[in-house]
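Comments concern the structure below.
The values are calculated or read from the model by the stated rules, or taken from the named source; none is laboratory data. The structure displayed is predicted, hence computed values, not measured ones. No Cβ is skipped: glycine too gets one built from the backbone with ideal geometry, and neighbour counts run over all protein chains shown. Please note that ligands, DNA and RNA were not included when accessible areas were found on the heavy atoms of the full protein model with its side chains. Shrake-Rupley method; radii C 1.70, N 1.55, O 1.52, S 1.80 Å.
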Amino acid sequence: MAKSLDAQLTITAPVDLSAYDSRATTGFSGKKDDAAKHLAEMGKELSDLQEKLFAGGRAESSNARVLVVLQGMDTSGKGGIIRHVAGLVDPQGLTITSFKKPSPEELEHDFLWRVERALPGPGMIGVFDRSHYEDVLIGRVRQLAPPEEIERRYSAINDFEQAFTDSGGVIIKCFLHITADDQAERLAARLDDPSKHWKYNTGDLDERMLWGDYQRAYALALERCSTAHAPWHIVPSGRKWYRNWAVAALLLEQLRALDLEWPVADFAVEAERARLATM
């Protein structure tokens with residue numbers, strides 16, 4: 001029996017990111033055009049399953065909800081996934097949160113305070129464009145907190161995610177793996193195209209100078225926070241079309257595993273049918 005994509009992309013510690021091929025197409029044997037067709041086909045089932053998930057939440061018959069965590073270096077494709085994958089489902093059942101530099105109010109609380117407020121409710125699919133992992137990534141690389149506080153955060157994250165899954169949530173954590181060469185090519189493309197200048201951030205080059213530090217910080221976070229209830233997946237993202245297909249496939253696998261059912265009517269269907277017939 002073929003292994004699920006979830007099983008194929010879930011990490012096994014220790015993590016050496018240099019050993020992963022960013023242009024691999026794990027679990028997919030076709031070409032770029034094939035991936036586009038598959039993505040469209042998956043979209044139909046994703047939409048149907050999301051409607052069942054949303055209906056269960058609205059009817060208060062299920063506490064199930066899904067959180068997709070997207071992490072990766074600049075240009076790894078978080079925005080692309082939101083457009084091409086999240087765009088396949090009904091927006092009324094979707095929440096998207098982009099975590100930027102903490103506000104003064106957020107800095108007055110524990111680092112998980114703002115994240116907990118953004119968790120999806122029953123029946124919803126939530127997408128985090130960056131996430132609570134920033135606090136052990138840039139927080140570690142840029143030394144934004146004392147070493148002992150950074151160390152505490154790994155366990156705090158694991159406990160936080162355990163509580164979410166224990167209460168009916170499902171977490172799909174995707175590290176979008178690219179190489180320094182992949183990033184250089186994409187940054188150059190943004191500079192070459194005036195229609196993409198808005199995507200370019202001069203600060204990206206400052207972070208790029210710390211590439212090695214970030215790779216080590218990511219490897220450590222992936223190792224320390226990949227658990228049975230919330231495993232990390234390394235998604236090769238050197239090929240955009242594969243990246244989009246893979247994240248959609250991971251989401252579809254998890255929605256299927258929920259065995260979603262339509263909520264049972266809390267009213268007498270035949271009686272309502274008879275009432276309607278008289279009007």
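General observations
- Within the range 169-182, residues that are more than 14 Å from H233 (Cα to Cα) sit with their Cβ atoms under 6 Å from residues that are among the hydroxyl-bearing types (S, T, Y) and open to solvent by less than 20 Å² (accessible area, probe 1.4 Å), at 6+ positions apart or across chains, in these pairs: T179/S22; D182/S22.
- When each of E51, E41 is tested for being free of Cβ contacts under 8 Å to residues at least 12 places away in the same chain, open to solvent by 20 Å² or more (accessible area, probe 1.4 Å) and either touching a strand residue (DSSP E or B) at 6+ places or on another chain (Cβ under 7 Å) or assigned to a helix (DSSP H, G or I) (or both), the lone residue that passes is E41.
- Of the residues I171, I138, the single one that is in contact with a Leu (Cβ under 6 Å, 6 or more places away or on another chain) and within 30 Å of L5 (Cα to Cα) is I171.
- The set of residues from the range 67-87 being crowded, with 21+ Cβ neighbours inside 10 Å and of a type in the set (A, V, I, L, M) comprises L67, V68, V69, L70, M73, I81, V85, A86.
- Verdict on G139 being farther than 30 Å from L252 by Cα, touching a Lys or Arg at 6+ places or on another chain (Cβ under 8 Å) and open to solvent by less than 20 Å² (accessible area, probe 1.4 Å): yes
- Odd one out for S22, checked against (1) under 29 Å from D204 (Cα atoms); (2) part of a helix (DSSP H, G or I); (3) in contact with a His (Cβ under 8 Å, 6 or more places away or on another chain): (2)
- For the range 25-38, filtering for residues that are assigned to a loop (DSSP other than H, G, I, E, B) and open to solvent by less than 60 Å² (accessible area, probe 1.4 Å) leaves 5.
- Test: residue in the range 226-240 that is surrounded by fewer than 18 Cβ atoms within 10 Å (Cβ to Cβ) and hydroxyl-bearing (S, T, Y): yes
- Applying the criterion of being surrounded by 11 or more Cβ atoms within 10 Å (Cβ to Cβ) and polar (S, T, N, Q) to the residues of the range 93-108, the residue that is farthest from H132 (Cα to Cα) is T95.
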